[in-house]
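Report on the structure given below.
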Amino acid sequence: MTYGTMAVDHEMRVDYAKLRKDRLRKAREQMEKDGVGAMLVYDPDNIRYITSTKVGEWSRDKLGRYALLPKGHEPILFEIGSAVPTKKLMTPWLKNENIRPARTDMRGTIPGGGAEAGIKEIYEILKDLGLEKEPVGVDVLTVPMMQAFMKFNMNIVDGQQTMLDAQTIKTDEELQLIEMSAAMVDGAYADIVEFCKPGVKENELVALMRYRLHELGAENVLNVNAISGDRAFPHPHDASDRIIRPGDLVFMDVVNDFNGYKTCYYRTFSCGEPTEQQKEIYQKCSDLVNAAIDRIKPGATTDQVAGCWPDWKEMGLDNKYEGLALQLGHGIGISHWSKPTITVGHSHENPVEIKKNMHFAVETYYGEEGNAARIEEQVIVTDDGCKVITKFPSDRLINCWDY
């Protein structure tokens, strides 16, 4: 079910208080299952999952803020210093004494041993709690951080797996936010179809998509791809300033972000009446995505889903790694890419059971010289199958310029 995008006083829409509590509970449960004494996270999505806090996207790759979740204790947020007062005012679910300025080197840009100072503070907190000898799950590392962990003789384990596993099964509130995020892209694609015509550049489609999503309430738009004509085969995975021409196929990918929850949503259009070859290309791409969706249900495994796709040899590639991100399924939620993944190259050796309330983006690609199509659907696993939540029509190749 989708709701209005605003919180209101007269009805319960998304229960954000429950969302915060459930995410923290799930992180704690996975820590217990993995035997982790504390989680120390630097990835912004993991920080948000544990503390329900964020700052702007400018900080995403700086490692300038982090969070500590000690076993049996409340989370501690180490925030970019000048943002600490605001967090104390605006995040009452965190204790004020647990919101502290981060001691960081901003990924090596600030001299003076900031990374070691931050790790020393973490060690001292864990020692005060009697947890200094327990395994500490860390999701992101730099060389100076690793050296500091070694200096304090801390037992570091792979915390990224703990966080990914905690996030694999979505809560009801997470699924509501994911579907609302997808609904925004549904609407923005309608504007794209009306706007796309010869003489429009790929980057103009990108600009319109970003504008409309923000207008509809997006918190952020992490990525928009627009790829057209003979530039689409092989897949370049990036937009350009190419001018769209009559007869081009055009496909787009959209990673929207609504209150932290992402989309990954491809659609393909024809700029003019498609040729029979283009219709066949589109149909082959559509058959690949629908065959995978038909296999997604509780109890199925990721290798069974991947089994309906051609392997790297059938695609004429040199090895399985060259086929990554052509036929693909991946979990998606607060992180754009999460567990479980579905690929021909990896799922057969590492199958994962599919469970209710997992959420996947399933994307497929087919191209021939001069033309290519890309389709992606987002699906929520239900009691006996899956529900497609990406609603802009994909059952046929839509012509966006009628001449």
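The values are calculated or read from the model by the stated rules, or taken from the named source; none is laboratory data. Keep in mind the model is a prediction, meaning the values are calculated, not measured. Heads up, the Cβs are rebuilt from the backbone with ideal geometry, glycines too, and the neighbour counts pull from every protein chain shown.
Data overview
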| item | result |
| --- | --- |
| Flag if Ile354 is farther than 19 Å from Leu177 by Cβ, crowded, with 16+ Cβ neighbours inside 10 Å and either modelled with pLDDT of 95 or more or hydrophobic (A, V, I, L, M, F, W, C) (or both) | yes |
| Only listed residue being farther than 28 Å from Asp238 by Cβ and touching a His at 6+ places or on another chain (Cβ under 7 Å), chosen from Ile332, Ile296, Ile354, Ile380 | Ile380 |
| Flag if Asp61 is within 25 Å of the chain's Cα centre (by Cα), assigned to a helix (DSSP H, G or I), of a type in the set (Asp, Glu) and in the same structural domain as Pro144 (by TED's automatic domain parsing) | no |
| Unmet criterion (only one of (1) under 11 Å from the mean Cα position of the chain (by Cα); (2) not in a strand (DSSP E or B)) for Leu222 | (2) |
| Residue check for Ile110: among the hydrophobic types (A, V, I, L, M, F, W, C), free of Cβ contacts under 8 Å to residues at least 24 places away in the same chain and either surrounded by 18 or more Cβ atoms within 10 Å (Cβ to Cβ) or part of a loop (DSSP other than H, G, I, E, B) (or both) | yes |
| So Gly35, is it touching a residue at least 60 places away in the same chain (Cβ under 8 Å) and surrounded by fewer than 21 Cβ atoms within 10 Å (Cβ to Cβ) | yes |
| One residue from Glu273, Glu280, Glu179, Glu194 being crowded, with 22+ Cβ neighbours inside 10 Å, among the acidic types (Asp, Glu) and in the same structural domain as Val388 (by TED's automatic domain parsing) | Glu179 |
| Odd one out for Arg65 among (1) at pLDDT below 95; (2) closer than 25 Å to Gly113 by Cβ | (1) |
| Close pairs from the stretch 287-300: first touching a residue at least 40 places away in the same chain (Cβ under 8 Å), partner part of a helix (DSSP H, G or I) and aliphatic (A, V, I, L, M), Cβ under 8 Å, at least 6 apart | Ala292/Val305; Ala292/Ala306; Ile296/Val305 |
| Tally, over the stretch 14-27, of residues that are in contact (Cβ under 8 Å) with a residue 40 or more places away in the chain, among the basic types (Lys, Arg) and surrounded by fewer than 18 Cβ atoms within 10 Å (Cβ to Cβ) | 1 |
| Any hit, the stretch 244-252, residues being in a strand (DSSP E or B), of a type in the set (Phe, Trp, Tyr), under 27 Å from His346 (Cβ atoms) and modelled with pLDDT of 95 or more | yes |
| Unmet requirement for Ala292, which otherwise passes all of (1) outside any loop (DSSP other than H, G, I, E, B); (2) more than 30 Å from Asp172 (Cβ to Cβ) | (2) |
| Qualifying residue in the stretch 231-247 (condition: surrounded by 22 or more Cβ atoms within 10 Å (Cβ to Cβ) and closer than 22 Å to Thr2 by Cα) | no |
| Residue count for the stretch 385-395, restricted to those that are free of Cβ contacts under 8 Å to residues at least 40 places away in the same chain and outside any strand (DSSP E or B) | 1 |
| Selection within the stretch 358-384 - in a loop (DSSP other than H, G, I, E, B) and surrounded by fewer than 16 Cβ atoms within 10 Å (Cβ to Cβ) | Glu369, Thr382, Asp383, Asp384 |
| Residue satisfying condition, being within 12 Å of Tyr261 (Cβ to Cβ) and of a type in the set (A, V, I, L, M), within set Met180, Met209, Met163 | Met180 |
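Quick grid of which residues meet (1) within 30 Å of Gly247 (Cβ to Cβ); (2) touching a residue at least 12 places away in the same chain (Cβ under 8 Å):
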position	(1), (2)
Asp128	no, no
Glu132	no, yes
Ile178	no, yes
Ala190	yes, yes
Leu208	yes, yes
Arg212	yes, yes
